[in-house]
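For reference, the structure is listed below as structure tokens.
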Amino acid sequence: MEKIKRQSTNRMGKILLALFLLILFFRLPIPYYIESPGSAVALEPLVKIDGQEKEMPGTYMLTTVRIMQATPVLSLTALLPFHDGLSRSSLLGTAENYEEYDTLQQFYMENSKNTAIEAAFNAAGLPITREYHGIYVMRVLEESDFYGKIHPGDTISAIDGMTFESSQEFMDYIKAQEVDQTVTITYERDGHTDTVSGDLIQLSETGNPGIGISLVDHSTIETEPSVEIDSGLIGGPSAGFMFALQIYTLLENPDLTGGMEIAGTGTITPDGTIGRIGGIAKKVVAADGEGADIFFAPDDDITSEMKQINPDLKSNYEEAVDAAEAIGTEMKVVPVKHLKDAVEYLEEHS
């Protein structure tokens, strides 16, 4: 009888050990992330002009990378082609946690959508109206007296009851005050407005008085016709160029795609300049997986100073070409520096 009990106990112990190992290696998250090819998302259902979707003979697609928190087993996928392992600090950057990182990524997306609309309307020669809403809080320093009082994602609309027309005016006002001076901030969070008071600190970088936050302008764009962009849960600034190309095409020449499947990536400025982004090789893989005919890649300039720091540094276009050759795709990789480059290429090849 005693032998049976020992056997039963040993069996249960083995089962519990197996369950523990299963959870440890397959389910237990670790502070490590895997970045891999994401998806190529059609823009047609995401962009509406005057509340309506407009059909085109071809398709524009934004491209993404996928980021997953690793488990011990999943971390092994970093050995696969076009998969990279990222430490927590390298992923989050200046963000203190993933919530703050996600908030920043959503702001970057909102800002890129506004800039894309502005770039497209500028290219089409149509007027826009920019409405300033206040200061968007990107980060609050721990040494700030407002740490825990205002949060990343809040919009500051006034300080000491005074409103401003830009973040520069806001910062000029604070700079003219005194360290340890008490100020009152009016802010908006989740549609609710509130006020909070705190003392100014001395900023270590400049020695000037400051609140102790990272900030940017929070504004919206009004246009005629109106433009709506539904980006869902996609974050970051790298879809700006493709949004601008979609909007411009709908406004000026819906036949510009020529029936082709066109993917791409890149930031955008109001004047139409296309900027460098991260993870472009993985986005090439994602675009090829969706059967894209063309992939627009930022042709950013690599200076001699940049080469001195990183001799192996390549432009986004060069990285994209390398990735395309590695996977043997028939997709054409096209370099672009400006929105007009993409438009002129499609006018010639559509």
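The values are calculated or read from the model by the stated rules, or taken from the named source; none is laboratory data. Since this is a predicted model, take the numbers as computed values, not measurements. Heads up, the Cβs are rebuilt from the backbone with ideal geometry, glycines too, and the neighbour counts pull from every protein chain shown. SASA here: full protein model, heavy atoms, side chains in, ligands and nucleic acids out. Shrake-Rupley method; radii C 1.70, N 1.55, O 1.52, S 1.80 Å.
See the values below:
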{"read-out": "Cα-projected label distance for Glu178 with Asn208, points at 7 Å along beta-carbon direction, nm", "value": "1.9 nm"}
{"read-out": "Rg over Rh, two decimals, the stretch 213-256 (C-alpha only, Kirkwood Rh)", "value": "1.04"}
{"read-out": "Most to least accessible of Leu43, Leu79 (protein chains only, probe 1.4 Å)", "value": "Leu79, Leu43"}
{"read-out": "FRET efficiency, 1/(1 + (r/R0)^6) with R0 51 Å, evaluated for Asp194 and Ser89 via beta carbons", "value": "0.95"}
{"read-out": "Scaled radius of gyration (Cα, divided by 2.2 N^0.38 Å) that the stretch 29-107 gives", "value": "1.45"}
{"read-out": "Of Lys113/Lys332; Lys54/Lys282; Lys48/Lys113; Lys282/Lys314; Lys283/Lys314, pairs whose Cα-Cα distance is over 19 Å", "value": "Lys113/Lys332; Lys54/Lys282"}
{"read-out": "Accessible surface of Thr303 - all protein chains present, 1.4 Å probe, nearest 10 Å²", "value": "60 Å²"}
{"read-out": "Dipole of the chain, positive direction: furthest Cα of Ala158, Gly210, Ser87, with charges on the beta-carbon", "value": "Ser87"}
{"read-out": "Chymotrypsin sites (Phe, Trp or Tyr not before Pro) within the stretch 238-267, DSSP loop, no more than 16 other Cβ atoms inside 10 Å", "value": "none"}
{"read-out": "Mean residue ellipticity (222 nm) of the chain, computed from DSSP H runs ≥ 4 via -39,500 (n - 2.57), nearest 500", "value": "-10500 deg cm²/dmol"}
{"read-out": "Exposed-site-free run, longest, the chain (rule: GluC sites (Glu not before Pro); DSSP loop; at most 15 other C-beta within 10 Å)", "value": "206-329"}
{"read-out": "DSSP bridge pairs, the stretch 259-338: antiparallel proportion in percent, nearest 5", "value": "25 percent"}
{"read-out": "Separation in nanometres of the label points that stand 7 Å from Cα toward Cβ, at Gln69 and Glu143", "value": "3.1 nm"}
{"read-out": "Set of aspartates and glutamates with alpha-carbon distance to Lys307 below 19 Å, sequence-local pairs under 8 removed", "value": "Asp299, Glu318, Glu319, Asp322"}
